[in-house]
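Just so it is clear, none of the values below were taken in a lab; they were calculated from the coordinates. A quick note: this is a predicted structure, and the numbers were derived from the prediction, not measured. We place every Cβ from the backbone using ideal geometry, glycine too, and count neighbours over all the protein chains shown.
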Amino acid sequence: MLDHVIIGQYVPGKSFVHRMDPRAKLICLMLFVVFLFISRHPFVLIGGLILTTTAFYYAKIPLRFYIKGMRFIVIIILFTFILHLFLTREGPAIFSTPIFTIYLGGVTQGGFMATRLLVLFIMASLLTLTTTPVALTDGLETLMKPLKKLGVPTHELAFMMSIALRFIPTLLDETAKIIKAQRARGANFTQGSLWNRLKAVIPIFIPLFVQSFKRAEDLATAMEARGYEGGEGRTKFRLLTWLKKDTYAVIVFALYALIVLIVKIGGGN
Amino acid sequence: MQITATDVAYTYMKDTPFEKKALHNFNIRLKNHTYTAIIGQTGSGKSTFVQLLNGLLKPTEGEVTIGDWKIYKDTKEKELYFIRKRVGMVFQFPEHQLFDETVLKDVMYGPINFGKSKKEAEEISKEMLTLVGIEPDLYERSPFELSGGQMRRVAIAGVLAIEPSVLILDEPTAGLDPQGHEGIMNILFQWYKGSDERSIILVTHQMEDASRYAEHIIVMDKGELAMEGTPEEVFAQQKELEALGLGIPETVKLLKLLKEKSGDKKINTVKFTLGDTVEEILSFLGKD
Ligand SMILES: Nc1ncnc2c1ncn2[C@@H]1O[C@H](COP(=O)(O)OP(=O)(O)OP(=O)(O)O)[C@@H](O)[C@H]1O
Ligand SMILES: [Mg+2]
């Protein structure tokens with residue numbers, strides 16, 4: 001059941017995108033997200049589509065696996081599309097029944113929003129699919145460094161994130177195990193009234209919480225025993241290396257940003 | 001209940017880059033009322049196999065039968081529910097499944113799920129708690145206030161209270177001290193002897209347990225059946241076992257060494273209890 005969730009999962013690989021510096025990936029993603037949403041011009045969306053397809057191609061994620069993991073997202077996107085379809089009243093009517101009418105504006109708006117979301121999600125998922133959690137937090141920490149001057153505890157934030165990321169698979173594993181143990185004792189999560197199904201979840205959450213607290217305590221003790229004292233003066237074991245291709249990738253995304261800006265200023269929407 | 005597996009295969013995360021074949025070409029037949037031990041190196045597929053026996057996993061190929069029930073790829077969850085009533089499962093670190101306010105309530109969770117009335121459930125739960133050696137003054141305590149060994153016993157009682165015919169134990173004593181280990185193994189054996197409808201399937205890394213309690217041993221290697229037979233048959237094949245990264249019980253090792261060093265061909269090396277081993281040594285010394 002939990003086998004096919006691809007959100008936050010890392011797929012080992014040696015593709016171009018896998019080998020990029022996490023900082024470069026983060027910068028590209030940030031540029032992409034901000035500028036994709038700045039303008040509603042079709043060019044912007046088409047550009048985004050092209051970038052996404054290219055990035056996806058270079059990430060070499062197995063397509064079948066990816067599509068399987070996307071099911072949930074596709075449902076959300078379809079839902080958005082349908083909402084727009086029925087609620088937008090612009091342009092000529094193209095289909096009408098006594099109960100509702102669908103306008104051309106609804107189709108284009110819905111299609112536009114759905115594509116935007118899809119592109120956004122694919123790009124964001126590529127980041128986590130091709131970057132180990134450790135690299136991701138290292139990248140974030142370095143990028144956030146300027147904020148340290150303003151008193152933001154950047155090391156602690158990044159460290160918290162890396163611990164959280166580190167324990168997501170453990171937690172999923174543990175959940176799967178506890179679900180199995182309770183199912184072996186006759187628990188039934190798929191039948192009965194809503195109330196009964198909600199109640200059936202208690203025997204899973206309580207052991208999960210108990211385990212998590214225990215683990216947190218153990219982790220804290222282990223860190224203290226090994227002399228952890230926070231970020232001050234800590235050196236890094238893994239060093240990030242910025243290569244030429246990282247610069248190129250950032251340039252491509254910066255160009256995209258520039259084009260969007262020009263379209264925005266020139267085109268007015 | 002009779003258990004069979006026919007051409008069973010299981011693949012984790014099929015159709016993903018993480019795909020992992022954990023079991024293939026697996027065929028097995030277990031008679032009614034047997035104590036079976038499954039041994040094999042870590043990762044050989046022991047846990048995967050036993051989870052197929054009560055439908056926590058469904059075979060990707062082949063079929064498993066438990067008495068009159070069949071488990072195959074498309075078996076419905078509803079049928080599996082009935083199978084789980086007959087086939088109880090104690091996981092490694094079963095105390096991780098405890099959740100209820102009191103010890104007694106936690107043990108009653110299983111029987112109530114399987115349709116027992118509150119009164120019946122309470123009765124059978126108390127009986128099983130007594131069997132595993134939990135005193136009545138602990139019944140109203142929170143299970144989280146018990147010692148590790150006590151928690152383990154309560155969790156096992158929680159599975160026994162379902163009144164299964166087949167009990168699957170996946171390393172039930174991992175992390176316990178020798179005394180705790182011995183205690184739980186004896187309780188489980190006692191349960192097994194309690195009725196001739198009961199069977200046990202024990203996954204273990206301890207050859208001593210496999211030889212002392214089991215009547216039948218299954219040796220697994222890389223998701224396949226490597227060897228099968230009585231403890232005497234299996235542990236006579238030291239070389240083959242070692243090739244699979246497995247050892248033989250200490251008692252057998254001792255007698256083998258004695259046989260080798262003394263050159264006395266009459267020594268029977270396949271003895272599994274301390275008592276039998278001492279007898280063998282005494283008769284070697286000519287002092288019986
Ligand atoms: N949830 C899972 N997802 C993917 N692969 C798994 C999963 N569980 C087990 N495996 C893999 O299947 C194979 C068999 O695992 P299994 O747990 O059955 O071994 P085992 O014999 O019980 O080992 P151990 O003695 O360490 O408990 C291993 O290679 C393991 O990595
Ligand atoms: Mg195992």
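Quick notes on this structure:
- Value of relative contact order over region B:249-288, rounded to a whole percent, pairs C-alpha under 8 Å and six or more apart: 40
- Residues listed by number, region B:105-119, amide nitrogen under 19 Å from B:Phe144 label point at 7 Å toward C-beta: B:105-109
- Contact order normalised by residue count of chain B, Cα under 8 Å, 6+ apart, percent: 22
- The separation of region A:67-97 from region A:179-199, counted between C-alpha centres, amounts to 34 Å.
- Spherically averaged projected area of the protein assembly as shown from its Cα convex hull (nm²): 37.1
- Potential lengthening between A:Leu219 and A:Phe72 on full extension [0.36 nm per residue; Cα-Cα distance subtracted]: 49.6 nm
- Only helices enter this figure: runs of n ≥ 4 DSSP H residues, each worth -39500 (n - 2.57), summed and divided by the residues of chain B, yield -12000 deg cm²/dmol at 222 nm to the nearest 500.
- Counting only DSSP beta bridges with both residues in the protein assembly as shown, the antiparallel share comes to about 55 percent.
- Long pairs among B:Lys31/B:Lys105; A:Lys180/A:Lys214; A:Lys25/A:Lys245; A:Lys60/A:Lys180; A:Lys60/A:Lys177, criterion Cα-Cα beyond 23 Å: B:Lys31/B:Lys105; A:Lys60/A:Lys180; A:Lys60/A:Lys177
- Rounded Å value of the spacing that divides the Cα centres of region B:99-127 and region B:6-51: 31
- Modelled spin labels at B:Glu215 and B:Phe189, positioned 7 Å past Cα toward Cβ, are 1.5 nm from each other.
- Over chain A, DSSP H runs of length four or greater, each weighted -39,500 (n - 2.57), average out per residue to a 222 nm ellipticity of -24000 deg cm²/dmol.
- Mean per-residue shielding of peptide B:92-101 is 5, counting Cβ atoms of other chains within 10 Å of each Cβ.
- Gap separating the Cα centres of region B:73-87 and region A:106-165, nearest whole Å: 43
- B:Gln179-A:Leu261 FRET efficiency (beta carbon distance; Förster radius 51 Å; 0.05 resolution): 0.10
- Rounded FRET efficiency, nearest 0.05, which uses the C-beta distance separating A:Lys244 from B:His205 and R0 of 56 Å: 0.60
- Distance in nm between pseudo-label sites at B:Glu233 and A:Lys236 (7 Å out along the Cβ direction from Cα): 6.1
- Using 0.36 nm per residue and subtracting the Cα-Cα separation, the extra length available between B:Glu240 and B:Glu79 on full extension is 54.0 nm.
- Exposure proxy shown here: for A:Ser15, B:Ser165, the number of other Cβ atoms within 10 Å sets the order, fewest to most, as A:Ser15, B:Ser165.
- Sorted fewest first by neighbouring Cβ atoms within 10 angstrom, A:Arg166, A:Arg238, A:Arg183 come out as A:Arg238, A:Arg166, A:Arg183.
- 18 Å reach of a label modelled at A:Ser15, 7 Å along Cα-to-Cβ, counting backbone N of region A:100-119: A:118-119
- P(r) tail fraction, chain B - alpha-carbon pairs more than 35 Å apart, %: 24
- On the basis of the beta-carbon distance and an R0 of 41 Å, A:Met160 and A:Ile99 show a calculated FRET efficiency of 0.20.
- Inter-label distance for A:Tyr57 and A:Ser193, nm, one decimal - labels placed 7 Å from Cα along Cα-to-Cβ: 5.7
- Among A:Asp138, A:Asp173, A:Asp246: highest mean-square fluctuation, GNM of chain A, C-alpha pairs under 10 Å: A:Asp173
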